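Below is one structure, written out as structure tokens; comments come after it.
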Amino acid sequence: QQRIPFKNPKLNEITGGGPPCGKFTVIWGDKGSCKTTSCYELVAQAQEMGKVCIWVDFERSYSKEWAAIQGVKTEDLIVAPAFEDAESAMDTVISLLKTKAVDVVIIDSIQGMSPIGEQETKKGVEKSLADDTMALIAKKLSQFFRVSSFQVWESDCTFILIGQTRTELGGFIALDKLSGGHALEHWSAMTIHVRRGAKDGWPHIMVKEEGEEKAHKQYIGFDMVARVDKSKVGPDEGKNAHIQFLYGKGLENEG
């Protein structure tokens, strides 16, 4: 199984060498947990392999400067224009897959996709935010997977979907969940959950201000924890990796 390796050796260890080609991979977690940074690094690795990459920026959060710091050749990365609706983006991606024009697709993010049914009725009348549009994204994703899965496989494309955490109450505790419906869980060949670890593992320096008796911690990053929730392509599920993230630099990629 060909893969696009992560830059980070610990991520490669728990994923068996990175996301597989010809299949869908989901990377999900809270805001600021290194989902996008990990994907920037992945794009940089793919470009070194001569792969053509496209970034579908539903979040309108693509940063050319931060991508460049992570090694992305930004002039070679295709950043998709702002799509008005999810269907237009999906149709464009499917067309690119059919012509084998791209090797890596990054969707940022699943929750940023807005189907036409959220915006207007079948008669083209603009909907109110009070209208019930629950589960429309899940339905459209299910349709997209069915239509595009053959093209993803035939073109040997590495297809990455970034997902945001949804918090649900389970009994008396809050549980982190990935929204997007059962189709997302079914079609994902690998699902990776990333989060920030406990603060006692965050990188820091000791700083003593003028007039202070004792030095205090100044955090210069955080501990990113990555876990493989699901893998149809190996290795075993449930493996964790602790990786330090440094502000202004990115992930520590030493062995």
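Could you please find all residues in segment 189-219 being exposed (fewer than 12 other Cβ atoms within 10 Å of the Cβ) and small (Gly, Ala, Ser)?
Selection gives Ala198, Gly211, Ala215.
Which of the residues spanning segment 226-255 are among the aromatic types (Phe, Trp, Tyr) and open to solvent by 80 Å² or more (accessible area, probe 1.4 Å)?
Hit for segment 226-255 is Tyr247, nothing else.
Given (1) out of contact with any Pro (no Cβ under 9 Å at 6 or more places or on another chain); (2) more than 26 Å from Cys34 (Cβ to Cβ); (3) open to solvent by 20 Å² or more (accessible area, probe 1.4 Å), where does Leu97 come up short, assuming only one miss?
Every listed condition holds for Leu97 apart from (3).
Restrict the check to segment 36-51 and report whether at least one residue is open to solvent by less than 50 Å² (accessible area, probe 1.4 Å), of a type in the set (A, V, I, L, M, F, W, C), in a loop (DSSP other than H, G, I, E, B) and under 25 Å from Gly112 (Cα atoms).
no
The values are calculated or read from the model by the stated rules, or taken from the named source; none is laboratory data. Because the structure is a prediction, the values reported are computed rather than measured. Note: ideal-geometry Cβ built from the backbone for every residue, glycine included; neighbour counts use all protein chains shown. Note: areas computed on protein heavy atoms with side chains; ligands, DNA, RNA excluded. Shrake-Rupley method; radii C 1.70, N 1.55, O 1.52, S 1.80 Å.
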